[in-house]
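The values are calculated or read from the model by the stated rules, or taken from the named source; none is laboratory data. Remember, it's a predicted structure, so these values are computed and weren't measured experimentally. Counting neighbours? That spans all protein chains shown, and the Cβs are built from the backbone with ideal geometry, glycine included.
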Ligand SMILES: [Zn+2]
């Protein structure tokens, strides 16, 4: 039965692709990938560290405005353009603007053969450019759609941004949202259907401090923190659901001959399920308390001489797209029509937020290939990017519904 329905569905994608306006848009994509790559280079060269995305947001809106779309910047800094459909329902294409690189990073794109090399070129220069490419293909050869298509360059996806951009978008369109596609990175080989839940904390231990010689024997904030870290590192982390932890940044102390009065560590916990994540957080809190107690016991100090605090640096909710979702079905139909093979994946992306609320969502790449994300040797190769653009264009149209 499934094969029959798939064949009918393929036909419907074929039907969309054969409509004269759509065929023209697909032709536009085939012969204009260079334009898309140029936009990608320009926008990647504009710095966009967390909380400093405004210049890149304005730039993206400028391009979308040029296509005749009405644009605006919302309260958190998202660049938004709406392409009105006949009805109220909304399909949201969101590509995050922010990068993990500080403002003074050298962002001049270098060419190495077919490759473009510069931090942020793939993650998420490739995604933002692909979203712009789809908008341009739609404006080059307009079709009437049943649903409104919203294009958004969103803020706060990386680092400690805590997904604030996509949270605001989902909040704003909530009642009208039918599906969300997060366009993130290059590639056409994956469909991210499951979010990974994460919680991040800064853990601080404070103590009396003192002189390394005359106060020797008193409680040491760094040692207390280290005891907690060792204690937690012995905790068994689940394979199923898959979970992980990372102590990523550690700091504390003022000089080599002073007992530190403060030590801090930043930790990232992740899991496929919220319940396992909660268990992990509980174990972390307990282990850090144990570390502080061990230090107090060992140094014969009063328990209240060391103070332990946890500060949340953000939490990402998780969720999973059901196997039988129309969104996944549509993507499979388009992949089958284009002869593209893709696999399902789990990752932490903008799609986490809608998925956690039961709104159908995926993260898809924008086409081409890339590597070295979050490193200064990040690269992108635009070869074959037309396939990624056509894939996104057809998925968007199939979801939005083409009117006669
Ligand atoms: Zn990304």
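Here is a yes/no grid of residues against (1) under 22 Å from residue 211 (Cα atoms); (2) crowded, with 16+ Cβ neighbours inside 10 Å:
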| site | (1), (2) |
| --- | --- |
| 242 | no, no |
| 254 | yes, no |
| 266 | no, yes |
| 269 | no, yes |
| 283 | no, yes |
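Quick grid of which residues meet (1) farther than 23 Å from residue 17 by Cα; (2) modelled with pLDDT under 95; (3) more than 14 Å from the ligand (Cβ to nearest atom); (4) surrounded by 17 or more Cβ atoms within 10 Å (Cβ to Cβ):
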| position | (1), (2), (3), (4) |
| --- | --- |
| 322 | yes, no, yes, no |
| 344 | yes, no, yes, no |
| 354 | yes, no, yes, yes |
| 360 | yes, no, yes, yes |
| 371 | yes, no, no, no |
| 383 | no, no, yes, no |
| 389 | no, no, yes, yes |
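On the basis of being away from the ligand (no atom under 12 Å from the Cβ), surrounded by 24 or more Cβ atoms within 10 Å (Cβ to Cβ), over 18 Å from the mean Cα position of the chain (by Cα) and more than 22 Å from residue 353 (Cβ to Cβ), does residue 114 make the cut?
no
Among the numbered criteria (1) surrounded by fewer than 18 Cβ atoms within 10 Å (Cβ to Cβ); (2) at pLDDT below 95, which single criterion is violated by residue 158?
(1)
With (1) closer than 30 Å to residue 381 by Cα; (2) modelled with pLDDT of 95 or more; (3) in contact with a helix residue (DSSP H, G or I) (Cβ under 6 Å, 6 or more places away or on another chain) as the list, and residue 195 as the residue in question, which single condition is left unmet?
(2)
Could you list all residues from the range 89-111 that are under 12 Å from residue 376 (Cα atoms) and within 10 Å of the ligand (Cβ to nearest atom)?
Listed by number, the residues that qualify are 99, 100.
Tally time: how many residues in the range 334-367 are touching a strand residue (DSSP E or B) at 6+ places or on another chain (Cβ under 6 Å) and over 24 Å from residue 272 (Cα atoms)?
Counting residues in the range 334-367 that are touching a strand residue (DSSP E or B) at 6+ places or on another chain (Cβ under 6 Å) and over 24 Å from residue 272 (Cα atoms) gives 1.
With respect to residue 396, determine if the residue is over 30 Å from residue 226 (Cα atoms), touching a strand residue (DSSP E or B) at 6+ places or on another chain (Cβ under 7 Å), at pLDDT 95 or above and away from the ligand (no atom under 16 Å from the Cβ).
yes
For residue 39, state whether it is assigned by TED's automatic domain parsing to the domain that holds residue 175, over 15 Å from residue 398 (Cβ atoms) and either at pLDDT below 95 or touching a helix residue (DSSP H, G or I) at 6+ places or on another chain (Cβ under 6 Å) (or both).
When the stated conditions are applied, residue 39 passes them.
Listed here are the residues, each with its yes/no results for (1) without any contact (Cβ under 8 Å) to a residue 24 or more places away in the chain; (2) away from the ligand (no atom under 16 Å from the Cβ); (3) crowded, with 23+ Cβ neighbours inside 10 Å; (4) over 26 Å from residue 275 (Cα atoms).
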site: 176; (1), (2), (3), (4): no, yes, no, yes
site: 184; (1), (2), (3), (4): no, no, yes, yes
site: 190; (1), (2), (3), (4): no, no, no, yes
site: 200; (1), (2), (3), (4): no, yes, no, no
site: 207; (1), (2), (3), (4): no, yes, yes, yes
site: 219; (1), (2), (3), (4): no, yes, yes, yes
site: 230; (1), (2), (3), (4): no, yes, no, no
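Please work out if residue 100 is in the same structural domain as residue 63 (by TED's automatic domain parsing) and buried (at least 24 other Cβ atoms within 10 Å of the Cβ).
Spelling it out, it is not the case that residue 100 is in the same structural domain as residue 63 (by TED's automatic domain parsing) and buried (at least 24 other Cβ atoms within 10 Å of the Cβ).
Report, ordered by the first and then the second residue, all pairs with beta carbons closer than 6 Å, sequence separation of six or more or different chains, a first member in the range 84-102 that is more than 21 Å from residue 364 (Cβ to Cβ), and a second member that is in a strand (DSSP E or B) and within 16 Å of the ligand (Cβ to nearest atom).
So the pair list comes out as 102/49.
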